[in-house]
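Here the structure is laid out as structure tokens; the discussion comes afterwards.
The values are calculated or read from the model by the stated rules, or taken from the named source; none is laboratory data. Just so it is clear, the model here is predicted, and its values are computed rather than measured. Here Cβ is always computed from backbone atoms with ideal geometry, including for glycine, and neighbour counts include all displayed protein chains. In case anyone asks, the SASA skips ligands and DNA or RNA and just uses the protein heavy atoms, side chains included. Shrake-Rupley method; radii C 1.70, N 1.55, O 1.52, S 1.80 Å.
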Amino acid sequence: MANLETSLKECLGSIDGATAVALVDYTSGMALGTLGGGKDFNLEVAAAGNTDVVRSKLRTMEHLGLKDEIEDILITLNTQYHMIRLLKGRGGNGLFLYLVLDASRANLAMARHQLRRIEGDLEV
Amino acid sequence: MAVESDVLDELHRLRNRVPQLTGSLAATVDGLVLAHDAPGTEPEGLAALTAAALGVAYRMAEATARGGFRELLLRGADGYVATYAAGPAAVLTLLADGRVNVGRLHLEGRRSGARIGELVAAGLGPERGRAPAAEPVTALPDPAARPIGTLPVRTPQRPAHQPAPQAGGHHRPT
């Protein structure tokens, strides 16, 4: 089990190409914790915007009658990957991890695997 | 008048960007309505209540050395009321339902507050030049002379009429 700060540090430290990470509450759209990003990447804007992405997908699934859960969402830009991973259980309901990767340095399969492990260890 | 219509345009833009917004109001810090887009609510009453809440907020920020007023967020069982600073003389109050993305509400509310602050400063600058001095904290002649636990006296104190009862049936503080 790892706490929030440790998990965010581990995302940036152990995942190749990771440039920013946030833990976001999608019931409110606000970030519980952020790391990286810097001046040119506002993680609060990203948290609010990606909350709409998650909510929209959940609503679509509801309309489609899918009784299933989102495990993760991958958004591929020209130069970046954005990964959204929803937390499961242990009070993690309504939260997601948001990870920004530099596409030229990241290994997508490895990043997804590591993010799953970090999410599994995260205790909120 | 140009200021009021510009501010109203900004409120309409805000409503388009945040769909869960149920109402918005721009008012001066002393409780006068500048523009409103809040169907089903009494704007004058809301502006007066905003001014009353601001009075407490200013004093609380001052007493705890938190710096100038930026925003107030109130969460009820059925939704949110958020007030954002709009320059030194005005504020922006937003009503949103419980499903609103609060992160987005903050981003858009702060941006619109800053924009309305610019509009107010540009439009009301000369004739309302005293506006910053109308802030309760700075308007106090002598804080020590006021008994502890009482609020600074501000004008206008009362809304022109009582706010209409809300769907939730809240009670007006007296």
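Quick notes
- Centre separation in Å (Cα based) which lies between segment B:27-41 and segment B:1-19: 12 Å
- Taking 0.36 nm per residue of sequence separation and removing the Cα-Cα distance, the A:ASP40/A:SER14 pair yields an extension gain of 7.1 nm.
- Residue-level accessible surface for B:ASP9, protein heavy atoms, 1.4 Å, Å²: 80 Å²
- Sites A:ILE73 and B:HIS12 - FRET efficiency at Förster radius 35 Å, r taken between beta-carbons, to 0.05: 0.60
- Computed over chain A, relative contact order equals 34 percent, with contacts defined as Cα pairs under 8 Å that lie 6+ residues apart.
- Interface residues, segment A:10-31 - accessible area loss of 30 Å² or more versus chain alone, probe 1.4 Å: A:SER28, A:MET30
- Residues in segment B:79-115 that, when all protein chains are in place, have 30 Å² or more less accessible area than the chain alone would give (probe 1.4 Å): B:ASN101, B:VAL102, B:GLY103, B:ARG104, B:LEU107
- Protein accessible surface hidden between A and B, which excludes ligands and nucleic acids, total in Å², probe 1.4 Å: 700 Å²
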